[in-house]
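Structure first, commentary second.
None of the figures in this text is laboratory data; all of them are computed from the coordinates on show. Everything quoted here is computed from the prediction, not taken from an experiment. Counting neighbours? That spans all protein chains shown, and the Cβs are built from the backbone with ideal geometry, glycine included.
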Amino acid sequence: MKHALAASALLILAACSSSSHSSSKDSSTQPGNTSTTLSPAEVAANKHAVKDVAITSCGPDAAHKMDIKGTVHNTTATSASYVVQLAIKDKSGKALFATAASATDVAPSHTKSWEAVTTAAYASGMTCAVTSVSVRATA
């Protein structure tokens, strides 16, 4: 189960990290190139972006499914889109589910909300955590 969860999270991250519509001049992100390898600068930006993300709520929705809401604050000098990878954990801290949310075209110095709606059934004591953040310039 742990390996399947890790593999699923990796596949989600890879799928969400590739972009065929990036405006970056780096050849690895030009339209038509589906490479998911990040440059050292992109890795550093993504590690910094985790600090720009906050979970504002984590709990059951009206259908008793996990609903995660949060914000991202763009601290860069250009508009950017963010993909937030999340883990849903049981009360012991064991990761049970992985999901993602996005905030697109966040202007510099602005904050935008995101929401991850899941099909994971809520159980008492569940918590949510940001596992990684991908950020791409959109301007």
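Search region 124-139 for residues being touching a Lys or Arg at 6+ places or on another chain (Cβ under 8 Å) and either of a type outside the set (V, I, T) or under 16 Å from H73 (Cβ atoms) (or both), and hand back the single one that is surrounded by the most Cβ atoms within 10 Å (Cβ to Cβ). If you could, list the steps in order and put the result at the bottom.
Applying the first criterion (touching a Lys or Arg at 6+ places or on another chain (Cβ under 8 Å)) to region 124-139 yields 124-129.
With the extra rule that they be either of a type outside the set (V, I, T) or under 16 Å from H73 (Cβ atoms) (or both), the set shrinks to 124-126, 128-129.
Working: S124: 7, G125: 10, M126: 18, C128: 22, A129: 14.
The residue in question is C128.
From T75, T118, T99, grab the single residue that is under 17 Å from D52 (Cα atoms) and not hydrophobic (A, V, I, L, M, F, W, C). So that I can check it myself, show each step before the final result.
Working: T118 fails: under 17 Å from D52 (Cα atoms); T99 fails: under 17 Å from D52 (Cα atoms).
Answer to the selection: T75.
Tell me, yes or no, whether region 105-128 has at least one residue that is under 10 Å from the mean Cα position of the chain (by Cα) and farther than 18 Å from P60 by Cα.
Checked against the condition, which is being under 10 Å from the mean Cα position of the chain (by Cα) and farther than 18 Å from P60 by Cα, region 105-128 yields no hits at all.
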